[in-house]
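A.B. asks: One structure, as structure tokens, below. Some questions next.
The values are calculated or read from the model by the stated rules, or taken from the named source; none is laboratory data. Just so it is clear, the model here is predicted, and its values are computed rather than measured. Glycine gets a Cβ as well: all are built from the backbone with ideal geometry, and neighbour counts include every protein chain shown. For the accessible areas, the whole protein counts, side chains as well, though only heavy atoms, and no ligand, DNA or RNA atoms are used. Shrake-Rupley method; radii C 1.70, N 1.55, O 1.52, S 1.80 Å.
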Amino acid sequence: TPPKAPAWFTLIEVKAIVAALPHRHGVATALMVWTGLRWGEMAGLRVGDVDWQRSRLTVVGCRTQDGKWKDYPKSSKSRREVPVPAAVLDLLHELAGDRGEGEPIFTTPRGGHSWSGANWRRTWDEGIERAGVPPYSPHTCRHTAASWLVQAGVPLYDVQRLLGHESFQTTTRYAHLAPDVHGKVTDAWSQIEDAQPVEILDVLEIESA
């Protein structure tokens, strides 16, 4: 059975979601949408994990659903360096403030505690409802990152490295979105001189007349 094609948000839907969420949740959503980080990787991001000069972040660990730090991500390939768009990097720098390198970037507004999956999901669901978009899970942000990149022509192997997929088979779920997915087929059609589809259809029309 071929893998089910993942759902993803459009750019308009993402803008609506970000506008409907509290500021720091909106920043987190933008980060996941543009970089493909998993929720735990985003929530576990520490100040020292970001290379502000190179616009890169390094995934070295993650947060569990109950907000505890884990010294390793999902798999060996999940340890990776990820580029960050300049606009998102500026927002991360704003949230980081003067915190130490080992402190988390994303925290609760009161007390500065790390995020938990339950609190995040409640805020997410409320934002999704206000935005009036399909009620997808936060993980859809990761699918959105991959879907946008593939549609923009980024090779699947590059998407695999960005998302940290252990298996390339996982990344092929987005292959149908590639702009040239059937390019070789249509190019071949244009080179075939005999039995052009138009001629075949003309014959069928004549016979049925």
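A.B. asks: Listed residues Gly61, Gly127, Gly117, Gly153; which is surrounded by 20 or more Cβ atoms within 10 Å (Cβ to Cβ) and within 19 Å of the chain's Cα centre (by Cα)?
C.D. replies: Gly127
A.B. asks: Every residue in the stretch 1-46 that is among the hydrophobic types (A, V, I, L, M, F, W, C) and outside any helix (DSSP H, G or I), please.
C.D. replies: Hits for the stretch 1-46 are Ala5, Ala7, Trp8, Phe9, Leu21, Leu37, Leu45.
A.B. asks: Return the residues of the stretch 136-150 that are open to solvent by 20 Å² or more (accessible area, probe 1.4 Å), assigned to a helix (DSSP H, G or I) and more than 13 Å from Val82 (Cβ to Cβ); say none if nothing qualifies.
C.D. replies: Selection gives His143, Trp148.
A.B. asks: On to the next question. Could you check the stretch 156-175 and list, in sequence order, the residues that are surrounded by fewer than 13 Cβ atoms within 10 Å (Cβ to Cβ) and either without any contact (Cβ under 8 Å) to a residue 24 or more places away in the chain or within 17 Å of Met42 (Cα to Cα) (or both)?
C.D. replies: Tyr157, Asp158, Ser167, Phe168
A.B. asks: Condition first: open to solvent by 80 Å² or more (accessible area, probe 1.4 Å), farther than 15 Å from Trp39 by Cβ and of a type in the set (D, E, K, R). Now tell me which residues in the stretch 66-114 satisfy that.
C.D. replies: Selection gives Asp71, Lys77, Arg79, Glu81, Asp90, Glu94, Asp98, Glu101, Glu103, Arg110.
A.B. asks: Glu207 is checked against (1) surrounded by 12 or more Cβ atoms within 10 Å (Cβ to Cβ); (2) part of a helix (DSSP H, G or I); (3) at pLDDT below 90 and fails just one. What number does that condition carry?
C.D. replies: Every listed condition holds for Glu207 apart from (1).
A.B. asks: Quick check, is Val50 more than 16 Å from the chain's Cα centre (by Cα), buried (at least 18 other Cβ atoms within 10 Å of the Cβ), within 24 Å of His113 (Cα to Cα) and β-branched (Val, Ile, Thr)?
C.D. replies: Spelling it out, Val50 is indeed more than 16 Å from the chain's Cα centre (by Cα), buried (at least 18 other Cβ atoms within 10 Å of the Cβ), within 24 Å of His113 (Cα to Cα) and β-branched (Val, Ile, Thr).
A.B. asks: Please identify the pairs in which a residue from the stretch 112-140 that is of a type in the set (Ser, Thr, Tyr) has its Cβ atom under 7 Å from the Cβ atom of a residue that is outside any helix (DSSP H, G or I) and exposed (fewer than 12 other Cβ atoms within 10 Å of the Cβ), counting only partners at least 6 apart or on another chain.
C.D. replies: Ser116/Asp66
A.B. asks: Out of all the residues in the stretch 32-45, is one or more farther than 19 Å from Ala146 by Cα, open to solvent by 30 Å² or more (accessible area, probe 1.4 Å) and not small (Gly, Ala, Ser)?
C.D. replies: No.
A.B. asks: Next up: Is it the case that Ile105 is among the hydrophobic types (A, V, I, L, M, F, W, C) and closer than 15 Å to His139 by Cα?
C.D. replies: no
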